[in-house]
Amino acid sequence: MPRTERCSHVSPAQGKYLMRLLYLQETAGTHVVSTGRLAQDLNVKDSSVTGMLERLAEAGWVIYMPYRGARLSEQGLCIARDLTCTHDNLIAFLCETLGYSLANAESEAEHLEHHVSPEFIQRLKIWIKQKN
């Protein structure tokens, strides 16, 4: 994950779950996302989702309700939004500046977002604003 204060302690796997929960909560119009739906979207087993949701709940990033699903806590929501913003900014940079296709930019951003500094992200945001 980007090494921002809020995100520095989030592993790539945790970040993936938080970002997917945010996406599903926003697009499905529901606050609680079932473990089955999350497993389907992430292409993993239900038991893997349950284990991760328990760890995310221990960290205070999700509210996990066994047999019902989970939703982002306020802290988890902030982290997921930060991660999504970083991801989207990297994709914009890769596509607009380096000529990546959207599919390739998505894949590249998945790797880059775990290794960039907060300063890089800040400068990237400024650069994108100036360009637009």
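Counting other beta carbons within 10 Å of each residue's own, what order do Lys129, Lys45 fall into, fewest first?
Lys129, Lys45
As a footprinting exposure proxy, order Ile63, Ile126 by other Cβ within 10 Å, with the fewest listed first.
The most exposed by this proxy come first: Ile126, Ile63.
Counting residues in the chain as N, plug N into 2.2 N^0.38 Å and put the Cα Rg over that result.
Taking N as the residue count of the chain, the ratio is 1.09.
When only alpha-carbon atoms are used, what values of Rg and Dmax, in angstrom, describe region 81-131?
10.1, 26
Only Cα pairs under 8 Å and at least 6 apart count here; give the relative contact order of the chain as a rounded whole percent.
This gives 30 percent for the chain.
Before rounding to the nearest 500, sum -39500 (n - 2.57) across all DSSP H runs of length at least 4 in the chain and divide by the residue total; then give [θ] at 222 nm in deg cm²/dmol.
After summing the helix terms and dividing by residue count, I get -21500 deg cm²/dmol.
Treating only the Cβ of Lys, Arg, Asp and Glu as charged (+1, +1, -1, -1), what charge dipole size does the chain show about its Cα centre? Round to the nearest 20 debye.
Its charge dipole is roughly 180 debye.
Across region 17-23, in residue order, what do the Karplus-derived ³J(HN,Hα) couplings come to in whole Hz, using 6.51 cos²θ - 1.76 cosθ + 1.60 with θ = phi - 60° and x for Gly and Pro?
So the Karplus estimates, Gly and Pro as x, are 5, 4, 5, 5, 4, 4, 4 Hz.
If Rh is defined by the Kirkwood formula over all Cα pairs and Rg also comes from Cα, what ratio Rg/Rh do you get for region 12-78?
Rg divided by Rh gives 0.90.
Would you mind checking which residues have amide H under 5 Å from Val62's amide H? H placed 1.01 Å from N; only 5 or more apart, or other chain.
Those lying under 5 Å, H to H, from Val62 are Ala57, Ser73.
Give the residue from Ser47, Ala70, Tyr17 lying farthest towards the positive end of the charge dipole for region 12-78; charges sit on Cβ (+1 for Lys and Arg, -1 for Asp and Glu) and the dipole is referred to the Cα centre.
Value computed over the given set: Ser47.
Neighbouring Cβ atoms within 10 Å as the yardstick, rank Val44, Val49 fewest first.
Val44, Val49
Rule-based calculations on the coordinates, nothing more; no lab input. Predicted model only: the values in this text are computed from it and were never measured. Every residue, glycine as well, gets a Cβ built from its backbone with ideal geometry; the counts of neighbours run over all protein chains shown.
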